[in-house]
There are 4 protein chains.
Amino acid sequence: MPRPKDHSKVENIYQAALQLVIRRGFNEFRMADVAKAAGVATGSLYTYFRNKEELVNALFLDTAQQLYSSLQVEKRTETTHYHFMKIWTSYYNYCFVHPDHMLFIDQYQHSGFLSDETKNEAKLHLKSFDDFLHHAQEYGDLRMLNLEVLKALILGSVHEFTKLNIEHPGTMDFHALETCKEMIWEAVKERRA
Amino acid sequence: MPRPKDHSKVENIYQAALQLVIRRGFNEFRMADVAKAAGVATGSLYTYFRNKEELVNALFLDTAQQLYSSLQVEKRTETTHYHFMKIWTSYYNYCFVHPDHMLFIDQYQHSGFLSDETKNEAKLHLKSFDDFLHHAQEYGDLRMLNLEVLKALILGSVHEFTKLNIEHPGTMDFHALETCKEMIWEAVKERRA
Amino acid sequence: MPRPKDHSKVENIYQAALQLVIRRGFNEFRMADVAKAAGVATGSLYTYFRNKEELVNALFLDTAQQLYSSLQVEKRTETTHYHFMKIWTSYYNYCFVHPDHMLFIDQYQHSGFLSDETKNEAKLHLKSFDDFLHHAQEYGDLRMLNLEVLKALILGSVHEFTKLNIEHPGTMDFHALETCKEMIWEAVKERRA
Amino acid sequence: MPRPKDHSKVENIYQAALQLVIRRGFNEFRMADVAKAAGVATGSLYTYFRNKEELVNALFLDTAQQLYSSLQVEKRTETTHYHFMKIWTSYYNYCFVHPDHMLFIDQYQHSGFLSDETKNEAKLHLKSFDDFLHHAQEYGDLRMLNLEVLKALILGSVHEFTKLNIEHPGTMDFHALETCKEMIWEAVKERRA
DNA sequence: AATGAATGAGATTTCATTCAT
DNA sequence: TATGAATGAAATCTCATTCAT
């Protein structure tokens, strides 16, 4: 029996690659560096990924999956308002703890490095969030607006606030955060007659 | 800083570089490609810019200046609401026509390629917008919130909607746009007692 | 030298390697590919051959032995002319059926990959053909000429015609083949006083 | 004005590449080695050739052109026999002086490295030799046989004798050479009624 | 003995920058 | 000043070989 393909190594590679993406400013990361940081040989990267492009795509998918999973959508038990706040906060918290993940996704989303397939597959992880928004609209709790537009505003706001945190740490204190949540809710909530 | 020997050539270079940034997926653009697209020799780039980094920084400044100038802040003659709508719309329109400018700024803003000096200088062009927001807060028309946070929300929303336009052209129709403006206003406006 | 632990496996490896040499254009064949095609693990190749060089040498010997055995030299019972035609034809037929074998030998014969030992050992399988030529010269049936030169012409002609068959299938029809045999015989036969 | 692309450098590269092909046994030559031997930087090879494959193809064409130009076909002024001997001898002499050229052509002719286009283009340089053979057949001086077959025998014989020269220098002495010429002529000449 | 994942030296190729013209 | 061929350091990728299982 050969050594079984070590899938924890793939995790190490993802971690290392992400760290480097951040450190080297999102512009470029070198395969040799990824290998070294992951504690494997350069050539080993190519047992897991056919080339650099495939590694980036896989890393993107893996990261997007984690990032979007942080949108804690649950079965409807509370008011839309309550649920919305909870989801937004959980997403914000994830971005706060892992700004690198969010930045990576944000940066590469529109880059030519990613295949359309990857981009589409990444979006699948937003399905339950889509459903939440859709149902909330049907209940008359959210503005009737193209879902993509709604999503862009909600997730985009988190992204922007996270970038702010990176550039000016401390700006987003407790009070600011509460206000932000409130603002976004005011933006998206339906105004009843 | 470019030595403005021949300003039209520098303009060509900027144009060419921006086009390439878009085409090559924001990841990398080659000096040779920029030169060819700009209709100059590779070596000539180095008469205008000391190296690639300087070219990127100069391009960033030039683009940011144009982009941020589109925030048509005027002297206060109308209500804050009216003025806000006008500014947001003019910015949105610029992004709609030049999505590449906006994407370039958005992508490189947090990249290690830019010097802090460049980043700061770029922000100077937001000074009049800062002033507008600040005064509007003083008049009690906008939420009392860290200016950076307010800005992040306002400009960020335009950026997100522009990205939407790129990915799904047509999503942002007239109705959606009006609603978006309304949403952002609802988010940032001060609720009086 | 292969350790003949499992002779059928070595045969598989030879077959696979030859197939690959053909497919990959005689330039390079990869150990991993040979292993896969032979249905064994990469590492297993190294139980049979110390390294790639040894595999090539062994393959060369094996193939040369088969190729040269097709020169059906028998005890002198017929005229030299009859015997010559028979031998040439049997060699031609083998090459026609196994052009890959012939090409492999032809390509690697002068390549630095083979040890002198291998080259010499391969030539031993031409011993009986050498004898045939030598005796035919003594009988005054073949030109008195350095044996190597004679061999070069006789075997070389078959090789050339075989290559022709590969490049332009059908060129060597029955008539052409008969003429070729005749030509070579005219070339090598002794003209008596 | 930039440095004009130095086409003598291409010649250097060809020379260097050929030398290496020989030295390293026709199996492989490294771009870095070619560059060093040609006295240029590694990267410079890529200003002349897009990649290794293109270099090999160009080298093949260049070498084939030289090799085949040595077939000194002239206007018919003498007997076919005389002319044939002259051509064969001039080709043999070229191969004797440049065995490396001949070996390179012979080795790569059937290798997957060359494009079909290259192979076909190389053959164009045999056009005047084809014409010579064709006319000689019409005059009733050469056997009526597919031209390709005739060529294979004539050129192939030279190749084989050249290889002999490499392996056993001295074998092809003056006497042997004269006999060889005679043999080939006996093989290809038409036997009149 | 057999496996095939892992290795890493070494190959090819790229591209920012220089420099002869 | 302008040119673009030339450079070579540094990147990506390959593949013969090793070795833990």
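Where a number appears in this text, it was derived from the coordinates with a stated rule and is not lab data. Just so we're clear, the structure is a prediction, and the values are computed from it rather than from any experiment. Neighbour counts run over all protein chains shown; Cβ positions are idealised from the backbone, glycine included.
Each other copy places its own label point for B:Thr171 at 2.5, 6.2, 7.6 nm from this one, sorted shortest first, where the point lies 7 Å along the Cα-to-beta carbon line. Distances from A:Arg192 to itself in the other copies, using label points 7 Å out along the Cα-Cβ axis, amount to 2.7, 11.8, 12.4 nm in increasing order. Label point of A:Lys75 (7 Å along Cα→beta-carbon): distances to the other copies' equivalent points are 6.4, 9.6, 10.2 nm, sorted ascending.
Normalised by 2.2 N^0.38 Å, where N is the number of residues, the alpha-carbon radius of gyration of region D:7-48 equals 1.04.
Each Lys or Arg adds one and each Asp or Glu takes one away; over the other residues whose Cβ falls under 11 Å from the Cβ of A:Thr42, this sums to +1. Which part of region B:34-69 falls in the paramagnetic zone of D:Ala41, meaning amide N under 19 Å from the point 7 Å along Cα-to-beta-carbon? Within reach of a label on D:Ala41, which here means backbone N under 19 Å from a point 7 Å along Cα→Cβ, region B:34-69 contributes B:34-36, B:41-47, B:50-53.
Under conditions of 37 °C and 0.692 mPa s, region A:122-184 yields 249 µm² s⁻¹ as its translational diffusion coefficient, taking Rh as the Kirkwood radius over Cα pairs in the Stokes-Einstein equation.
Taking a sphere under 14 Å around the Cβ of B:Lys127 and counting the other residues whose Cβ falls inside, with K and R at +1 and D and E at -1, yields a net charge of -2.
Chain B gives an Rg/Rh value of 1.02, both radii derived from C-alpha positions and Rh following Kirkwood. Here the alpha carbons of the protein assembly as shown define both size measures, Rg and Dmax, at 38.8, 133 Å.
Would you mind putting B:59-71, C:65-77 in packing order, based on average other-beta-carbon counts within 10 Å, highest first?
The packing order, highest mean first, is B:59-71, C:65-77.
Of the residues D:Leu153, B:Ser90, C:Val40, the one whose Cα sits farthest towards the positive end of the charge dipole of the protein assembly as shown is C:Val40 (charges of +1 on Lys and Arg Cβ, -1 on Asp and Glu Cβ, taken about the Cα centre).
Net charge dipole, chain D: roughly 400 debye, given to the nearest 20, about the Cα centre with Cβ charges of +1 for Lys and Arg and -1 for Asp and Glu. Charge tally around B:Cys95: other residues with Cβ under 12 Å, Lys/Arg +1 each, Asp/Glu -1 each, net -2. A compact globular protein would have a Cα radius of gyration near 2.2 N^0.38 Å; the ratio found for region A:69-138 is 1.26.
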